[in-house]
Each structure stands twice: as structure tokens, then as C-alpha cells.
Amino acid sequence: MRNRPRGHKATEPRGDVYYAGFCALVFAGGLFAHAADITDQSSSPPGLAFRAAKLVAMDDANTVINDAVVLVKGNRIEAVGRAGDVVIPDGYRVLHFAEHWLLPGIVEAHNHSAAGGWGDLNDMVYQTNPGLDIRPVPRPDNPWVKRARTGGVTTVLLLPGSGTNLAGFGTIVSTGGKTPDEITMRTPGSLKIAQAGNPEWYFGGNGRSFMNWNLRQTIEKARAYCQRWEEYDQATKRQSGGATENVAAGHQAGRESEPPPAQPEFDPIWDGFRGVFTGAVPATVHTQVYQVLLMTVEMIADQFGLWTVTEHSSFDAWKVGPVVREFQQRGAPHAPLWIIQGPRQYHFDRTSRRMIGNANGWWKNGIHELAINTDAPVVPQEELTYQSAMACWYGWLPYPALRAITNITAKSIGLYDRVGSVEVGKQADLSVWTGDPIDPRSACLMTVVNGEIVYDGTQGTRRF
Amino acid sequence: MHGKPRYSAFVPAWLRGFVVTWLCGFVTAGAVAQPPAVPPERVALTGARIIPVVGAPIASGTVLVERGKIAAVGPEVEIPYDARVFDVSGKFVMPGMIDVHTARGLDIPNESRPVTPHLDVADALDPSQLFFEDCLRLGITAVHVIPANNTVIGGLGRVVRPIGLTVGEMTIAEGEFLKIAITPRRGFDRMLQMATLRETFLELDDYLARVAEKRYEDKLKEEDKQIDVGPDEARKRGRDLVRAEDVDDQHRNLLRLCGGQVRVAGGPGPKLFQPLGAFVYCGNAMDIALAVRLAKDHAFFDRTVLVLGGECHKAVAELKQAARPVVLPGDLTYRATDPLTGEVHETFVPKKIFDAGLLFALVPGPDDSYAERMLNYQAAQCVRYGVPRDEALRAITLNPAKMLGLDGRLGSIEPGKDAHLVVFSGDPLDFSSVVEQVFIDGIPAYDRAKDVRLQRLLSPGTSDSTAKPE
């Protein structure tokens, strides 16, 4: 809505091609559009204007705008509104999607494929591996990431594997960008813990009584290290903060000032944990089945008070819902507890002897802020929307299922101020769909990361 | 932290399991009894034929429960106006049965590591396992879950009730016993098994000596003094300085097993912890002597429960001399085959143990046979082979409670005890009797009439597809 005086109304026709929903028209028009694009790019338009049949913004106001315009300038969203209200500035490249849906980029909180495959994920050195960090691992533009874009996925949390109980730190990357620095959004992105269900195979087989004890020991050591530094930092701050007054007072009283605090030893094994204990970095926990999820809530969230994100949360884990809800309501602001479900959205419940939708199970047990993940490439990254679709097939609701892969996921890993919804000022990560993304018949037509079109399926070039 | 109460803000402790079951009604509907929305504070079972285990049976009487505890038992009990009354006329009421030794409810029976005294089953106990539902169905209201026998030193056990969403809600008593196996674990022989045990306890001595030495050195450092004595003397001087927080996880439970008191260089230091006992597995007769010696050498003999294999009846003289409580093998009849003639000789173990005057407990059979997993069936077999009825009943109620140190709370129907009650359709030792209702801490935890899974199992000619869901 900026630059209104210099712009023109979006309703006015322009030389760009108007994309109709029918394939023939799309294809025929695409030929012209393609030619036009090249000339546009050569003159480098000052911004992008998306006009879509429906904008589902996935913001907290649950904004849906029919016939909407979203302006993108640089890597930011500049304006969002109804077509009649938003003025498209001169020179903006206008992308018409007359029958299509516009959403924020899809966010994934459990990804391994940004590493380019199955390697570089599991250092089976010890049963717990503090000191490891996946920071050097992401491979920009690798084939798996290219596939992710075709599903509208723009942000992924790349995690070490679940071969050990504590596999190191993850990194949040975007699916667009050419260099490691360009794609890195936050590092460390999270601490990866695997509560059970894979780390068993270390040392020829472990049980949960050992793994949970051992994991607790590791985190206690990390906490002790962080506490030493926290105390040191506070003592240093105290001294430097009141230095002048103290000196003056000390001189007057004839006393010597407090000796400087002894600096704790630096240890690269534990230093990465400092953000975990200050609440800046979440612990993303590979956890599933009833008892294991219970341990995650009791140990990671309750005992250690960490910002906890339970990943997978599958099989009958949803039966822990009342305990999770009770913990969330008890109010531990320092330790938010987020549930992410997936992959695989169903579980045969032996008690009631029927198939249960896991997401629906969580929902009915009071967990209404629920996210969905794929564990790509276990389930291909571009099929994250299918996981949501499957959750709906097993009884869940479509709109929460859309929030589950945008808004809620972004919140769970602390990225909602940047991605996860279409709002002015946020990072320009967008996805365009032929219809409701939760409808398995729908396809992603275009993906935008950081204001750059990284996937364009409008030219008859749809990959899927 | 497992003992930490949940829901404490709005639900009294004795109702907690009840409330969570109710909250989870969406998921557990049809599993077992669906409890009512408002749990009763007072429960009365009237017209019952009561087997109190302690004291004479009552032909027709009332058990009154208040806030989870038994308030009164007798032929004439005044029933408060607000009690929820269950008319169980003509039915038998007995105390909840106790499974005193099982590794079920865990993800795996034993860790692959041989020496794990620092571990606790609380970290592996799964409240969602169907085993616990089966316990309700079979009238078992308290389960001592403890690592299995394929170990050298296993972790701490825990006594739980088969209801509750979390381990904390299930817990009746936190671990008081470690598991020790004399019979070699898989891949070990007796030499290695005993050597590992020996080394473990020697290492504890060495560890405590080093801790004492370090404590003395730390003290000198604080006082800005040089080390003035040799290590032996430093250890002696340091042993009284050892604090509870100086003992790490790996050694704490071992020290507790040995009484909880630091001993360094032959002399006593402070008593830092409450003692632990041990369930010591003796699969063979030859293991009894080894177990007794080990327990006496390391000062836990008075807190030892012997877990017997079938062959152990041959060591009955040693068992009698030891006079420690014993857990009998699930297979009550021991069969020895003569290697030359092939002749089979059978011994009914409980009778022999009873005749020796030992305190014994019965456990479910070794396989999943529907009969032998019932503790009342095990007790009935004992009666058939000559054990007195009262003694057989004690072997599944009061005796295991005594072994666990919980006879003040469990094992009989007496005022003041936890209200763990089982309603049988007839005499519990009659094999045609079935468990109709179970009360745990006064909570109506099981009702056979609402046991949908059992109805599915028992209804003839009904396939899964046509069975009406709950």
C-alpha cells in the first residue's frame, strides 16, 4: 500500500498474461509470459506483485483474502491486502494467479535431506554426542532441496539423525540460496535429542532405563557448565556495571573493591548448550510411543525446563495429551512444550481396536497447537502437505492441518517473527497452489524464498 | 521426580489416577471400566463374604472405604449416608493380589550392560502396556516391577498399581530393592558372574577410599595447607568428610545396598543413605550358598529376598538356615529326569518350602497360560498339593507385601490399609470363579461387565467386524 500516488490500481489490465485455470490457457499463455519474464528480469523489477484468487495468510488473525495482492520488495513482504486496496507500484513484476491460492512458504521442523542425502547425520561415537553441530553439513541447492521447493517448502530445520540419544545441534536453513551462508537462517537451530526408538542399537542394545539415565547425566553436565558461565557473566556484569560508583565508594571507605570473578574453563563440548539453558535454542526431541513421550515431557520439559519440541510424537503418543495439556497449563513460560506429529498419521490402537488418526488423537486430547512433520527424506520433503492431508483423512480438520505446516511449526522453533505467515515485514517466503494445499489433487505452482522465485511450475514446467 | 504429584492443584492425591483415566476417556473407552465423572469419597461393599487374610473370614459383612483407605470391616458396619454402595451379596471379597517379581511393563527385561545398579525401572516403565490392564482383569492390584534375571546387578525396582497415566501416578512405593543374579547371565559362566560381582563391590570400596582421600585434600586446600600424610592416613582422616553429594549415581545404590554407611580403611564413616535390599536370583540349588555368602559379606543379608529356580528345593536345608523370604518359581512343579533311565521325578516346590517354615510368595506361571497367570490359580494348586488354604492365600497377598516392606499398607483387609479389594464371583480358589470388580485405593478400577475386550474374547461366533464398538 506504499507508493500509492505513483502506482496504478491492480484492477487495471497490464501487458502481463492473465493465467486462467484451464490448462490449455495456462500453457498457451505461458509461452508469452516466459518471453516477457526474460525482458523483465533483464531490467530487474523493483519488486514482485502477487495477485491470487485466495490468500490464506496463516497469521494469528486467520486472515483469508479473496482476490488478494501481496507485494514483495527485496526479501520482505511489503504489502498485503485486497486487490482493490493495494496499489501496485510502477515497474513491479505482476504475477497473476486468478484461480489459485497463495500461502506462506511451508515450514518443516524435522528434516535431514538438506544435507543432500543420508550421510553426515549420525556420528555413532558415543551414546550421547554433545559438541557436535550440523552447521557444516547443509548442501545448498542439492537435488533433495530442489524437490522440497516443488512442494512449497521454504524453511527446514536440518537435524542430525537419531542414532544416538543426543546427536548434536541442528541448523535452520531455507531451501533457496546458493551458499551455506545464504541459506542459514539460525544456527544452532536446535539441540537434537532422541529419547528412544533408534539409539537402542548402540552398544549392541540398550533399554530405556539406561538411555534415560545416561541422557539425564549428559544434560546435567551441560547444565552445570552453563551455570558456571552464567554465574561468571553475572558477576562480571555486576562489577563492570557499578564500577565507577564502587571505586569512588571504595576510596572513600578505604576498602578494596571485590576481586574479579574467576573465569570458568571453556569447553567446546558443552559451550553450545548455553543457548539451550537460556531459552534461546529449543530441544527438538525424537520421541514416539506413550512411555517415551511421557519421559520427554517429564525429563526434558519438566525436570530440565528446556524449550521442548517433540518430533514424531507418533504411534500411541497422543494418549499423553492430558499430561501435556496439564503441563502447558501449569504455565512454565521458560519451557514451552510443542508437539509435532509425523510422519505417518495413523496408529492401530489395540485398546479400542480401531485405526486412530494421530493428529486427531492429539487434538481431541486438548492439544490444539499441533504441527506436522515429514522426517524427510523418510517421507519426501515435498510431501509435507500430504502428511497434513493424511491427518485429515484420519479425522483431523483442514485448517488446523494447514496451520500445522506453517504458523505452528514456525512458532515451535521460534521463527514465527520471520516466517510461517504472510504478513507485512516478514521474510518473503511464499507458495502458490492450484487449490487447497491439503487437497491431494492440488499442486504447488510456484515457490518464493527470500523474495526470489526458486520454483516456477507455471510454464508447463511443473515437476510433480 | 517420579514421585512428584501431578494434578495436585485441583485433585486430591488419592483420586489422581481416577481423574486421568477419566480425562483419557476418549482413548480408553471400552478398555476397562469407564469410571463415573465424580469419584466417590466413600465406598461400601455390602453383603460380602470377606476373606481378610488376617483374621477369620466373615460370612456376610461390609467393607467401608474412606478416601482410599479401609475404614471398617465386619458383619455390622454403619454405612455413611454419602457412601457409594456396591451390593456384592454372596460374592467373595479378598485383598488385591500382589505380583512380587516381574519385569513386565518394561520395554526390555534387562539392559545389555551387566552391572547397572544406578538404573531405575521408572525410566522404562510403560503405563500404557496391556500387561497392566491384564493385571486388573486378574485381580492383581500391586506389581513389583524389577529388572529380570539376565544380569549381574540390575537396577532398582518399583511397586506400582496398574492404573494411572504416568509412572508417578502408578507408584505405590519407590524402589527398595536391586536385582542381583547369582545364576550367570547369558554369555557368562559362574566364574565370570561371581568375579564381576566381586569386582563391583571391591571397586565400590576403592571408589569410596578415593572420595575420602579427595575430601581430605580439599579440606587441606581450603585451609591452605600442604598434604601432610600418606594416602592411607588421608583416607582415614577423610572418611568422615564424605557427603551424600560426593557419591555418584553409579555407586550410590551399591552403597545403599551395603547399608548406606561409608566404610573406608576398615573404619566407619557417616551414614549417608537409607539402605536398599536385593532380590537375589538363584536359578540352581548351588546358588543359594553363594547368595547367602555375598549378602552377608556386604551387609545386605537382612534385606535379601531370594528368587528361586525350581531346582532350589534341593537346597532346602540351607534355605531353612538362611530363613530369608523366598519367591517361588512360576512353574510350581519341578521335574528332574534321570539321565540314565529317563525316569521323571516330580517335586511340588511350594509344599516343600512351606514344610520348611519359610515365608514364600507365588508368582504367575512362566508362560502366558491363561490359568497360570492367575495368582489365585497358583494358590489353588498349592492347596491341592497340601499347603493349607490360609497359607496359600497369604502367599499371594500378605507374604509378598511383607517381602516388600509394605505389609502396613497392603496384603489384607484391615482398617487403615490401602483399599485394594477384589470381588470374586465365588471362592477365589475355585477355578470357576472370576474377578468381577477391582478397587484400588477405593477407586472402582475394573468392572467385568464393562470389560469390552474380555467380552470380545469370550463371545462366541462374533468376528471383529461385527462386534459392536463400545
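Okay, here's what the table says:
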{"read-out": "Number of positions in the range A:144-159 that are of a type outside the set (D, E, K, R) and open to solvent by 10 Å² or more (accessible area, probe 1.4 Å)", "value": "3"}
{"read-out": "Condition check for residue A:378: aliphatic (A, V, I, L, M) and facing chain B (nearest Cβ under 10 Å)", "value": "no"}
{"read-out": "Matching option when the condition is within 14 Å of chain B (Cβ to nearest Cβ) and open to solvent by less than 30 Å² (accessible area, probe 1.4 Å), among A:299, A:355", "value": "A:299"}
{"read-out": "Residue within the range A:364-381 that is closer than 20 Å to residue A:444 by Cα, surrounded by fewer than 24 Cβ atoms within 10 Å (Cβ to Cβ) and in contact with a Lys or Arg (Cβ under 7 Å, 6 or more places away or on another chain) present", "value": "yes"}
{"read-out": "Condition check for residue A:311: under 25 Å from residue A:300 (Cβ atoms), in the same structural domain as residue A:161 (by TED's automatic domain parsing) and without any contact (Cβ under 8 Å) to a residue 12 or more places away in the chain", "value": "no"}
{"read-out": "Top-ranked residue in the range B:93-120 [being within 13 Å of chain A (Cβ to nearest Cβ) and acidic (Asp, Glu); ranked as least open to solvent (accessible area, probe 1.4 Å)]", "value": "B:111"}
{"read-out": "Residue ID - nearest to the other protein chains (Cβ to nearest Cβ), chosen from residues in the range B:121-148 that are farther than 22 Å from residue A:206 by Cα and assigned to a loop (DSSP other than H, G, I, E, B)", "value": "B:138"}
{"read-out": "Of all residues in the range A:321-345 being touching a residue at least 40 places away in the same chain (Cβ under 8 Å) and facing chain B (nearest Cβ under 10 Å), the one that is most open to solvent (accessible area, probe 1.4 Å)", "value": "A:325"}
{"read-out": "Test for residue B:173: is it more than 19 Å from residue B:374 (Cα to Cα) and out of contact with any helix residue (DSSP H, G or I) (no Cβ under 9 Å at 6 or more places or on another chain)", "value": "yes"}
{"read-out": "Residue count for the range A:407-419, restricted to those that are open to solvent by 10 Å² or more (accessible area, probe 1.4 Å) and not small (Gly, Ala, Ser)", "value": "4"}
{"read-out": "Selection status of residue A:120, touching a residue at least 40 places away in the same chain (Cβ under 8 Å) and open to solvent by 10 Å² or more (accessible area, probe 1.4 Å)", "value": "no"}
{"read-out": "Among (1) modelled with pLDDT under 95; (2) more than 29 Å from residue B:452 (Cβ to Cβ); (3) not aliphatic (A, V, I, L, M) - the single one residue B:109 does not satisfy", "value": "(1)"}
{"read-out": "Residues being under 24 Å from residue B:159 (Cα atoms) and surrounded by fewer than 17 Cβ atoms within 10 Å (Cβ to Cβ) - total across the range B:439-453", "value": "0"}
{"read-out": "Residue under evaluation residue B:213, criteria (1) under 30 Å from residue A:290 (Cα atoms); (2) open to solvent by 30 Å² or more (accessible area, probe 1.4 Å); (3) of a type outside the set (S, T, N, Q); (4) away from every other protein chain (no Cβ under 13 Å), criterion not met", "value": "(1)"}
{"read-out": "Filtered residue count, the range A:397-430, keeping only those that are of a type outside the set (D, E, K, R) and touching a helix residue (DSSP H, G or I) at 6+ places or on another chain (Cβ under 9 Å)", "value": "14"}
{"read-out": "The lone exception for residue A:429 - which of (1) modelled with pLDDT of 95 or more; (2) open to solvent by 20 Å² or more (accessible area, probe 1.4 Å); (3) not assigned by TED's automatic domain parsing to the domain that holds residue A:118 it fails", "value": "(2)"}
{"read-out": "Set A:384, A:397: member being under 29 Å from residue A:432 (Cα atoms), more than 14 Å from chain B (Cβ to nearest Cβ) and open to solvent by less than 30 Å² (accessible area, probe 1.4 Å)", "value": "A:384"}
{"read-out": "Test result for residue A:422, surrounded by 19 or more Cβ atoms within 10 Å (Cβ to Cβ) and either in contact with a His (Cβ under 6 Å, 6 or more places away or on another chain) or not hydroxyl-bearing (Ser, Thr, Tyr) (or both)", "value": "yes"}
{"read-out": "From A:139, A:135, A:186, residue being surrounded by fewer than 20 Cβ atoms within 10 Å (Cβ to Cβ), of a type in the set (Lys, Arg) and in contact with a Gly (Cβ under 6 Å, 6 or more places away or on another chain)", "value": "A:139"}
{"read-out": "Test: residue in the range A:181-193 that is in a loop (DSSP other than H, G, I, E, B) and of a type in the set (Ser, Thr, Tyr)", "value": "no"}
{"read-out": "Scan of the range A:91-148 for residues that are in a loop (DSSP other than H, G, I, E, B) and of a type in the set (A, V, I, L, M, F, W, C), ordered by number", "value": "A:118, A:121, A:124, A:125, A:132, A:134, A:137"}
{"read-out": "Set A:348, A:277: member being over 24 Å from the mean Cα position of the chain (by Cα), open to solvent by 10 Å² or more (accessible area, probe 1.4 Å), more than 10 Å from every other protein chain (Cβ to nearest Cβ) and over 16 Å from residue A:195 (Cβ atoms)", "value": "A:348"}
{"read-out": "Which numbered condition residue A:194 misses (of (1) in contact (Cβ under 8 Å) with a residue 24 or more places away in the chain; (2) within 14 Å of another protein chain (Cβ to nearest Cβ); (3) in contact with a strand residue (DSSP E or B) (Cβ under 7 Å, 6 or more places away or on another chain))", "value": "(2)"}
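A quick yes/no check of all residues on (1) out of contact with any Ser or Thr (no Cβ under 6 Å at 6 or more places or on another chain); (2) touching a residue at least 40 places away in the same chain (Cβ under 8 Å); (3) open to solvent by 10 Å² or more (accessible area, probe 1.4 Å):
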site: B:384; (1), (2), (3): yes, no, yes
site: B:397; (1), (2), (3): yes, yes, no
site: B:401; (1), (2), (3): yes, yes, no
site: B:404; (1), (2), (3): yes, yes, yes
site: B:419; (1), (2), (3): yes, yes, no
site: B:426; (1), (2), (3): no, yes, yes
site: B:429; (1), (2), (3): yes, yes, yes
site: B:437; (1), (2), (3): yes, yes, yes
site: B:455; (1), (2), (3): yes, no, yes
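The values are calculated or read from the model by the stated rules, or taken from the named source; none is laboratory data. Keep in mind that this is a model prediction, so the values were computed, not measured. Virtual Cβ from ideal backbone geometry, glycine too; neighbours counted across all protein chains shown. Remember, those area values only see protein heavy atoms, side chains included, never the ligands or the DNA or RNA. Shrake-Rupley method; radii C 1.70, N 1.55, O 1.52, S 1.80 Å.
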